[in-house]
Amino acid sequence: MTLQKLFLCFSLCVCQFISAQNDSITKLKEVVVSDNNFKKFSTSQSVLKLNDSIINKNEALLTDLLNFNSVIYFKEYGRGMLSTVSFRGTTASQTAVIWNGININSQMNGSTDFNTISASDYNSINVKAGGGSVIYGSGAIGGTVHLNNDLSFNNQFDNSLKLYYGSFNTIGVNYKMNVSNEKWSTQIGFSKNSSTNDYLYLNKYNWRGEQRRNRNGQYDVMGLNADFGYKINKNNILKLYSQTSNTDRNTSLVSESETKSKYINGFSRNLIEYNGDFDKLTTNFKTAYIFENYQYFADIDRDYYSYGKTESLITKLDLGCQLLKSIQINGVLDYNRTKGYGTSFGNHIRELGSFAFLAKQQVNTKWQNEFGIRKEFNDVYKSPVLFSLGSSYAFNKFYNLKLNLSRNFRIPTYNDLYWEEGGNPDLKPESSYQAEIGNVFSYKKITFSQTVYYIKIKDLLRWIPGKNGIWAPQNTEKVNACGAETILSWKNNYGKNYFSANATYAYTISKNEETNKQLFFVPFNKVTGAVAYAHSKISINYQFLYNGFVYTRSDNDPKEIIDDYMVSNIGIDYDLKFLSSFKLGFQILNVFNKEYQSLEDRPMPGRNYNMYLILKF
Amino acid sequence: MKFSKLFLVALSISFFVSCSNDDDSNEPIGAYTHGVLILNEGGSGQGSVSYIGNDLSSFTQDVYGTVNGSDVFGKYAQSIFFDGDNAYIIAGGSNTINVVNRYTFKLIAKIDSGLKNPRYGVVKEGKAYVTNGNTYSYANPASGDTDDYIAVINLATNTVDSKIELNATANRIVLENGKLYITEPYSNDKLLVVNPSTNTLETSVNIGSSADTMEAKDGVLYVLRSPYGGRSEIVKVKLSDKTISKVTFPEALDGASNLDIYENRIFYTVETAVYAMNIIANEASVTSIVNYSSTSAYGKMYGFAVNDNRIFIADGGDFTANSKAYIYSITGTLQKELTVGVGPNGFYFNN
């Protein structure tokens, strides 16, 4: 009986994650997650979990993984180049990227470039749709992307090595080592992805009649991470996460005669975390030091570059208390000090403090409520009071209803406030109200979730030309976004034949309130799909991405659009069953040789190939 | 019999061919023969060219794209200069000059090496002289303000033959009496003088900062300068001896721009208004001829010209969407409003 209850509870929990393409064999192990609040406070929202096996089926950089497997829309300045997102019709700085519980969006421009992140540096990646500013702070308006290094405490010594080689001299190495026992856990990883990236532009010729190709598009993304966990005793755990990355990229040319430029950026992140679990009280203390920098060479033939650097110290104290059997509360104190300096925005220190109160009520096994409120304090601008209200109710084992209402924000960045010239120190944060209703249906091996949402954003920051022709940011615009997201997953096996299918569909309307025009680079429709089949040593998969057309101009000129496109990849791998796993794989990307681009004059490659070797030992 | 028929056919063909050849030499053939070319700078995307016929009825929004398909036009279309039947369209952001037939707009060639941030050009005896911003001080503090040059282009081969180093910043260029005159409004307070027959820099003329648009007439170069926070003025440089005289504008005309001389009148603009003064007047007129409405913060009067008894105004708009061009009669009656491309910045005339 109790076992049954426990199982029900467990399956309810699992329901929250629409788990995509799990490995056919799931090992049971004790895993300590890096972000305690994630699971606790996301029951009323839609979460897509991408695990190791699905990460391995995609190209190395995070853009590809999320583009082919989530509802997030990507805009890329060519393959491997700057890649920014629009989630639920919001802007690039309104999706927060969370590394082990810490918001890592750039302090300088507010967004994250998804082509500077190697997906394989993480054990799992979660995509949570909807507001999350109460817990994750600035930028969690459209949604959040969570990069997790989870530590496991069991006796193991695992190594995994992934090598790949593909078209355009694309080379990738990823090595991960896990060493752990019941007291210690260590994870060390290294990755390097590079490409000369000189792919041909399909059906494009210059005036001399020569085939055009991608020029000055070479990239090299390198990352190193080391994570340690130590169980002092059964109540106390100490964890340390450390990551360094460097991306050295040239910027691809629109026309061959343009001046070549180059962009180098890197970061270093260190996080110490202490977890105390005492009967009814929990303590979580985090201190992080995050360094990010960039160098921009406007002309690669010259040594001169402009640069920007920020150093942030983040401390977070989270005290939890099991008030009643059904009610748990948390108080979170947060202090953040950032020092930013560079050629374009002088030298400024910004201090932010915030207090948040979170509560979770587990009425019964079917019904859970969440509540959160947060207020940020600083001396630069006024911050709104943020809140989040959520509820999840499982009517039966087939149907779960979720409701969420939240207020979120995005604070002005260093560039917005201090850019010389044009920075505007009188800016307010962008703020938004958001409401969503989610329906999750589970039937046998099928999970189907549908979420409808409405977001009202005001004080949207936009750089507009001001006095003397100097562009400056203003809190000018209001945007209303609404839409629906559908996520479907199915998995089954018939004897030794394993099948799985996943699909997502996003319908998005995001309009400027004043002009009633759709925001540019927000597609009305985006669809992704993946099917996989495995039989003993062989597995085959097919995935596709469909992006509907987008306007490229604010006036929605119907002639100035990026056409819709559908791109497909297929892959096959064979496990030689040598060592614990010895997979040899081959992928054909853009298998139908589709001519497409996500940004004007930035063609993407045609059919190209990739082969890989994954060793586990 | 058969042969004679064939002969007859051949004869008549050659007759027609020679006839049409005769026509060619008199009258230019092309869809864009009698009208106005409007250059659109472009924003995040490419620049473009729009065309309106002199009758103000035939309009093509994107002439270059219509004729040349998906060819990469280039970014930041800056200006156009002409030589014979050819138009040379400078795409500054792409270090390229597109050479097209000015009447058909068919692409002939591209000049795409030897240029670095090209700005404006003039032609003298089969050679084009194009100012190049080269590097800018924000990206090259050491020499960004002293490395501008003139690219000398052989128009028979469409290649850059040589460079004339200017040791200063350079932007607009005028050819008058065999000499080149150059202004630049941000980092240069001199009028540069270049002798194209020797490719050498001559003694420059101190005209003051913020000098931009200029035009020569009857041996005098009229330069409009409008220093920030100071009075605008027209500096008249007598080219024979480089002596200068000035017409200082009243405070109400601070920030004047777009000097254009048409039939003994100097036209100029302030914000969204157009004014004109007699070329020999010693005082500037403060009574506007036209005042159009604009919501553009940076792009007011982004392009301006007076020609054929008409006033042409381009509004830069927001630089992300197609913007507007307006055509007024010389007395200020609106004749046509057009939606052109992104950031329209200039008018050029095919007559």
Could you provide, to the nearest whole Å², the per residue accessible area of region A:3-616 with probe 1.4 Å? 42
Karplus-derived 3J(HN,Hα), 6.51/-1.76/1.60, for each residue of region B:83-92, Hz, glycine and proline x: 8, x, 8, 9, 10, 10, 9, 8, 9, x
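How much of the accessible area of region A:264-309, probe 1.4 Å, is carbon plus sulfur, in whole percent? Don't jump to the answer; show the numbers that get you there.
Working: 1250 of 2350 Å².
Here carbon and sulfur together make up 53 percent of the probe-accessible area.
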Site A:Leu576, offset 7 angstrom along Cα→Cβ, radius 17 Å on amide nitrogen, limited to region A:595-616, gives A:611-616
Any idea what the relative contact order of region A:3-616 is, in percent, if you count C-alpha pairs under 8 Å spaced at least 6 apart? 11
Mean other chain Cβ within 10 Å across A:553-561 is 4
How far apart, in nm, are the 7 Å Cα→Cβ label points at B:Glu202 and A:Ala359? 8.6
Is it possible to state the helix-based mean residue ellipticity at 222 nm for chain B, with each DSSP H run of 4+ residues giving -39500 (n - 2.57), the sum divided by total residues, to the nearest 500 deg cm²/dmol? What is it? -3000 deg cm²/dmol
Give me, ordered by chain and number, the residues 5 or more places off B:Lys246 or on other chains with an amide H under 5 Å from its own placed amide H. B:Lys236
Separation in nanometres of the label points that stand 7 Å from Cα toward Cβ, at B:Ala142 and B:Asn291: 5.2
Using alpha-carbon pairs under 8 Å, 6+ residues apart, how would you state the relative contact order of chain B in percent? 12
Assuming R0 = 22 Å, what is the FRET efficiency of A:Arg302 and B:Tyr186, from their Cβ-Cβ distance, to the nearest 0.05? 0.60
Percent carbon-and-sulfur accessible area, region A:482-524, ignoring ligands, DNA and RNA, probe 1.4 Å: 59
Anchor A:Lys559: aspartates and glutamates whose Cα lies under 17 Å away (excluding residues fewer than 8 positions away in-chain): A:Glu600, A:Asp601, B:Asp62, B:Asp71
Anything losing 50 Å² or more of accessible area from the isolated chain to the full protein assembly: pick those residues out of region A:187-211, probe 1.4 Å, ligands and DNA/RNA ignored. A:Trp207
Would you compute, from DSSP H runs of 4+ residues alone, the mean residue ellipticity of chain A at 222 nm, taking -39500 (n - 2.57) per run and dividing by the full residue count, rounded to the nearest 500? -1500 deg cm²/dmol
Which residues of region B:123-157 bury at least 30 Å² of accessible area once all protein chains are present, versus their chain alone (1.4 Å probe)? B:Ala139, B:Pro141
Run down the aspartates and glutamates and flag those whose C-alpha is under 20 Å from the C-alpha of A:Lys280, throwing out any fewer than 8 positions away in its chain. A:Asp35, A:Asp318, A:Glu370
Please give the total accessible area that chains B and A bury against each other, computed with a 1.4 Å probe and expressed in Å² to the nearest 100. 2400
Points 7 angstrom from Cα along the Cβ direction at B:Ile108 and A:Tyr393: gap in nanometres? 7.7
Just add up the charged neighbours of A:Lys262: K/R +1, D/E -1, any other residue whose Cβ is under 14 Å from the Cβ of A:Lys262. -2
Exceeding 20 Å between C-alpha atoms, which entries from my cross-link table qualify? They are A:Lys57/A:Lys616; A:Lys49/A:Lys375; B:Lys190/B:Lys238. A:Lys49/A:Lys375
Please compare each pair in B:Lys127/B:Lys179; B:Lys75/B:Lys116; A:Lys458/A:Lys517; A:Lys397/A:Lys445; A:Lys309/A:Lys339; B:Lys116/B:Lys179 to a cut-off of 19 Å on the Cα-Cα distance and tell me which ones are over it. B:Lys116/B:Lys179
From the phi angles alone, apply the Karplus equation (6.51, -1.76, 1.60; θ = phi - 60°) to region A:192-207 and give each ³J(HN,Hα) in whole Hz, x where the residue is Gly or Pro. 8, 10, 9, 7, 6, 6, 9, 5, 6, 8, 4, 6, 10, 10, 7, 5
If each residue of separation counts as 0.36 nm, what is the full-extension length gain between A:Lys339 and A:Asp158 once their alpha-carbon separation is subtracted? 61.2 nm
Just to confirm, what accessible area per residue do you get for chain B at 1.4 Å probe, in whole Å²? 43
Set the Förster radius R0 to 56 Å, insert the Cβ-Cβ distance between B:Ala156 and A:Phe592 as r into 1/(1 + (r/R0)^6), and round the FRET efficiency to 0.05. 0.75
Using only atoms on other chains, find how many Cβ atoms lie within 10 Å of each Cβ of peptide B:316-322 and report the average. 5
Excluding B:Lys127 itself, what net charge comes from residues whose Cβ is under 12 Å from its Cβ, given Lys and Arg +1 and Asp and Glu -1? -2
For A:Lys428, which aspartates and glutamates qualify as cross-link partners when the Cα separation must be under 18 Å and same-chain residues fewer than eight apart are set aside? A:Glu351, A:Glu376, A:Asp379, A:Asp416, A:Asp459, A:Glu477
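Could you rank the peptides B:70-82, A:481-493 by their average count of other C-beta atoms within 10 Å per residue, with the highest value first?
B:70-82, A:481-493
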For A:Met611 and A:Leu240, FRET efficiency with R0 = 45 Å and r from the beta-carbon atoms, rounded to 0.05? 0.80
Residue pairs, from the table B:Lys124/B:Lys242; A:Lys128/A:Lys537; B:Lys246/B:Lys336, whose Cα atoms sit over 28 Å apart: A:Lys128/A:Lys537; B:Lys246/B:Lys336
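What's the local net charge at A:Tyr241, with K and R +1, D and E -1, over the other residues with C-beta under 13 Å away?
-2
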Angle check, please: helix B:2-26 long axis (alpha carbons) against the longest principal axis of chain B (alpha carbons), in degrees 0 to 90, nearest 10. 10
With every protein chain in place, the residues of region B:79-96 shedding 30 Å² or more of accessible area versus the chain by itself (probe 1.4 Å) are B:Ser94, B:Asn95
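The values are calculated or read from the model by the stated rules, or taken from the named source; none is laboratory data. Everything quoted here is computed from the prediction, not taken from an experiment. Ideal geometry is used to build each Cβ from the backbone, glycine not excepted, and the neighbour counts take in all protein chains shown. Just so you know, the surface numbers come from the protein's heavy atoms only, side chains and all, with ligands and any DNA or RNA stripped out. Shrake-Rupley method; radii C 1.70, N 1.55, O 1.52, S 1.80 Å.
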